[in-house]
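Chemist: Before I ask anything, let me first share the structure, which is written out below as structure tokens.
Coordinate-derived values only; no laboratory data. Bear in mind the structure is a predicted one, so any value in this text is a computation, not a measurement. Here the Cβ positions follow ideal geometry from the backbone for every residue, glycine too, while neighbour counts run over all protein chains shown.
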Amino acid sequence: MHRRLRGTGVALITPFHKDGSIDFKCLGSLIDNIIDNGVDYLVALGTTAESVTLSKDEKTAVIGFVVEQVDGRVPVVLGLGGNNTQEIINCIRSYDFDGIDAILSVSPYYNKPSQKGLYQHYKIIGNLAPVPVILYNVPSRTSVNISAETTLRLAYDIEGIIGIKEASGDMLQCMNIIKDRPKNFLVISGDDALTLPLISIGGDGVISVIANAFPKEFSDLVHNAIRGNMKKAQDSHYMLLETIENLFVEGNPAGIKAVLELMGICENNLRLPLTQVSRGAYKKLSSLVEEISKTKESQMIT
């Protein structure tokens, strides 16, 4: 599993119709396009999927659809986390994990547990889950940071915990985890813009947002970086960097859904409390998408 989850993962969006219902046709096309363009695995029902706005029945329908559409072509990771440990236990016990290769579990948010609480929370999940578990540290959303010490303690103590998606933005923390981690413990970027730097210090890849729209370009970046082809990786990195920065100016997945509409892939519909990006942000993203297209054309000619 370590080998299969090394590289480019994609945090899938959930496409919606204008009436707010799930657009499964678009989701199927999106999955096929992403897989056909070289990504290594998919993450369903993560935060980019607006999963907190989905009902239990909708979540069941989405994950069932994703597993069926993927049909074993790449691993599927299920987003399953929250701030109620018992509820996650209940979900693990009730879910059908057929076709699910791992769990990505975001750290508890809002109630701001201590490091001891985080450890106990993940200890239960890691020991109970029927598939490997990846921790997800994103303090900008949860208001609590999983420290390097807690991550390493979980990595050594709980066999079922196989990695962490690190979105703290703290490269020193990432280096401390990478330096002292057990063999085969994955350190995965949760920030598209920091993917190249993280791989350069020993990281294992990314769970990406922008790869919904640019799966080949971002996969090329990741794969070249892992292989040590840093010049090619840097070229891809700088081609995409400004777009990545602007994706998150008015929230995620508002930015990526705007880009997907601009590219004719999915409609730009979100569920409240999220809304579409402003006209100014949309215009900026439009110019950046056009610039990437011109850069790609230029590279093909040369």
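Chemist: Express as a percent, rounded to the nearest 5, the fraction of DSSP beta bridges in the chain (both residues included) that run antiparallel.
Modeler: Taking every DSSP beta bridge within the chain, about 5 percent pair in antiparallel fashion.
Chemist: I've got another one for you. Starting from the Cα of residue 201, step 7 Å along the direction of its Cβ; do the same at residue 120; then give the gap between the two resulting points in nm.
Modeler: Placing both labels 7 Å along Cα→Cβ, they lie 3.2 nm apart.
Chemist: Continuing with the same structure: For a 18 Å ceiling on Cα separation, which of these pairs sit above it: 59/123; 18/216; 116/179; 232/296; 18/257; 165/232?
Modeler: 59/123; 18/216; 116/179; 165/232
Chemist: Turning to a different aspect of this structure: Over the stretch 7-228, what is the relative contact order in whole percent, taking alpha-carbon pairs under 8 Å and six or more residues apart?
Modeler: Value for the stretch 7-228: 20 percent.
Chemist: Report the residues of the stretch 125-162 in range of a label on residue 3: point 7 Å along Cα→C-beta, backbone N strictly under 19 Å from it.
Modeler: What the label zone holds, given the 19 Å backbone N cut-off, is 132, 162.
Chemist: Let me make sure I get this right: for the chain, a, b and c are the square roots of the gyration tensor eigenvalues over alpha carbons, sorted descending. Under 1.5 in a/c it's rounded, otherwise prolate if a/b > b/c, else oblate. Which is it?
Modeler: Taking the square roots of the gyration eigenvalues as a ≥ b ≥ c, the chain is oblate.
Chemist: So how much slack lies between residue 127 and residue 36, counting 0.36 nm per residue of separation and subtracting their Cα-Cα distance, in nm?
Modeler: Gain on stretching residue 127 to residue 36: 29.3 nm.
Chemist: Can you figure out the FRET efficiency of residue 98 with residue 156, using R₀ = 25 Å and their beta-carbon distance, to the nearest 0.05?
Modeler: So the FRET efficiency works out to roughly 0.25.
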